[in-house]
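A short write-up of the structure that comes next.
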Amino acid sequence: MFSIKDKRLQWGLGLAAAGALGVLLDSFFLEKYFFAVKTFDLGKPTGGKTLQLLHLTDLHLQKRLHPQHRKLAAKINQLQPDLLLFSGDTLDSSGHVAAVEQFLGLIAPQIRKVAIPGNHDYLAADPVAELKATFERHNGHFLVNQSQAFTLRGVRVMVTGLDDFVESEGNLEKAVQNVGHEPHHLLLLHSPLQQEETKAALTKINQRRAPAERLNIQYIFAGHNHGGQIRLPGYVPVLPKKSGSYVQGWYNTQAPFLYLSRGFGTSRIPFRFFARAEITLFRYHV
């Protein structure tokens, strides 16, 4: 005969086991496979055009694609963005460019792409030059301290992309040497901490320029921190190297405004907890 005390213990153990199973299911499967599509409005709605900018970061592709990557490519094709922005770590440190080739091949070829390197891209099995060539084969630009103008639905949008500053060195001065005042100017960084030195450099550059030629960077998009990847309520145990105290979401009270994405993939340990994978759709009113 079991006593009431024994039954309570069994119930307690059962609930604990179910809770542990739920945490494992969420961490290893749900938060990676059932990614969030976050949507924000940029600019001021004026009844004019609205551009669709889709931000994707920290794919951390390795040797082959997994079901969540195919699901992601299908979602990108469904959204049909005017420009697909990659802010680094497309590859994991154990990654191969062949996986990127396969992933980009799943995306509708007419979707324009722009990417920058992240620290894991520099540690990957294949050199960054091959990653750059892969993006260029798939209607993409790979910016390393460079700027590129895009015409999207008749609207000129300037994108500046800086090099990673964990494994390399960003240089805003070099990236914008031929760029003046642009009505629509976006900046891609990998680590959000890099914005601090970048904003200081931006101030110095503009102080030397005539008002009509001053840079007009309005938005910065970054990744690297994975939203903490493994979080507890109100607490982030570990963040990557050179990430600062940034975790996720919007930062800065005036332009340039920074959006830090939780990213899509995982690094070092293959799960997420309270940091669901995401892609971000920006409806940019111009």
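The values are calculated or read from the model by the stated rules, or taken from the named source; none is laboratory data. Because the structure is a prediction, the values reported are computed rather than measured. Note that each Cβ is placed from the backbone with ideal geometry, even for glycine, and that neighbours are counted across all protein chains shown.
Just give me the residues in the range 233-251 being out of contact with any Phe, Trp or Tyr (no Cβ under 7 Å at 6 or more places or on another chain) and touching a residue at least 24 places away in the same chain (Cβ under 8 Å), in sequence order.
The answer is P233, P240, K241, S243, G244, Y246, Q248, Y251.
Which one is surrounded by the most Cβ atoms within 10 Å (Cβ to Cβ) among residues in the range 94-117 that are assigned to a loop (DSSP other than H, G, I, E, B) and touching a helix residue (DSSP H, G or I) at 6+ places or on another chain (Cβ under 8 Å)?
Filtering the range 94-117 for residues that are assigned to a loop (DSSP other than H, G, I, E, B) and touching a helix residue (DSSP H, G or I) at 6+ places or on another chain (Cβ under 8 Å), the one surrounded by the most Cβ atoms within 10 Å (Cβ to Cβ) comes out as P117.
Mind listing just one residue for me: the one in the range 56-76 that is in contact with a strand residue (DSSP E or B) (Cβ under 9 Å, 6 or more places away or on another chain) and closer than 13 Å to A277 by Cβ and, of those, surrounded by the fewest Cβ atoms within 10 Å (Cβ to Cβ)?
Among those residues, the one meeting the criterion is K75.
What is the residue count in the range 216-235 for residues that are part of a loop (DSSP other than H, G, I, E, B) and surrounded by fewer than 18 Cβ atoms within 10 Å (Cβ to Cβ)?
Number satisfying all stated conditions: 3.
So which residues in the range 259-277 are part of a loop (DSSP other than H, G, I, E, B) and either over 13 Å from F86 (Cα atoms) or of a type in the set (K, R) (or both), if there are any at all?
Of everything in the range 259-277, those that are part of a loop (DSSP other than H, G, I, E, B) and either over 13 Å from F86 (Cα atoms) or of a type in the set (K, R) (or both) turn out to be R262, T266, S267, R268, I269, P270, F271, R272, F274, A275, R276, A277.
Can we say T280 is in a strand (DSSP E or B) and among the polar types (S, T, N, Q)?
When the stated conditions are applied, T280 passes them.
Would you confirm, using the coordinates I've provided, whether Y246 is under 24 Å from L123 (Cα atoms) and either assigned by TED's automatic domain parsing to the domain that holds H141 or among the β-branched types (V, I, T) (or both)?
When the stated conditions are applied, Y246 passes them.
Quick one: which of D126, D121 is under 20 Å from L104 (Cβ atoms), in contact (Cβ under 8 Å) with a residue 40 or more places away in the chain and charged (D, E, K, R)?
D121
For the range 129-153, give me the residue count where each residue is of a type in the set (S, T, Y) and touching a residue at least 60 places away in the same chain (Cβ under 8 Å).
Of the residues in that region, 0 qualify.
For the range 177-192: of the residues being of a type in the set (A, V, I, L, M) and crowded, with 23+ Cβ neighbours inside 10 Å, which is farthest from A124 (Cα to Cα)?
Looking at the filtered set, the residue picked out is L186.
Give just the number: which of (1) touching a His at 6+ places or on another chain (Cβ under 6 Å); (2) free of Cβ contacts under 8 Å to residues at least 40 places away in the same chain does L85 not satisfy?
(2)
Can you pull out the residues in the range 174-193 that are part of a strand (DSSP E or B) and in contact with a Lys or Arg (Cβ under 6 Å, 6 or more places away or on another chain)?
Those that are part of a strand (DSSP E or B) and in contact with a Lys or Arg (Cβ under 6 Å, 6 or more places away or on another chain): none in the range 174-193.
How many residues, within the range 231-243, are aliphatic (A, V, I, L, M) and under 23 Å from A124 (Cα atoms)?
2
Do we have E167 as touching a helix residue (DSSP H, G or I) at 6+ places or on another chain (Cβ under 6 Å), modelled with pLDDT of 95 or more, within 22 Å of L260 (Cβ to Cβ) and of a type outside the set (F, W, Y) here?
In short, yes.
Would you please name the residue that is surrounded by the fewest Cβ atoms within 10 Å (Cβ to Cβ), looking only at residues in the range 139-167 that are at negative phi and in contact with a Pro (Cβ under 7 Å, 6 or more places away or on another chain)?
The residue in question is V144.
State yes or no: is R156 over 23 Å from T39 (Cα atoms), more than 19 Å from the chain's Cα centre (by Cα) and free of Cβ contacts under 8 Å to residues at least 60 places away in the same chain?
no
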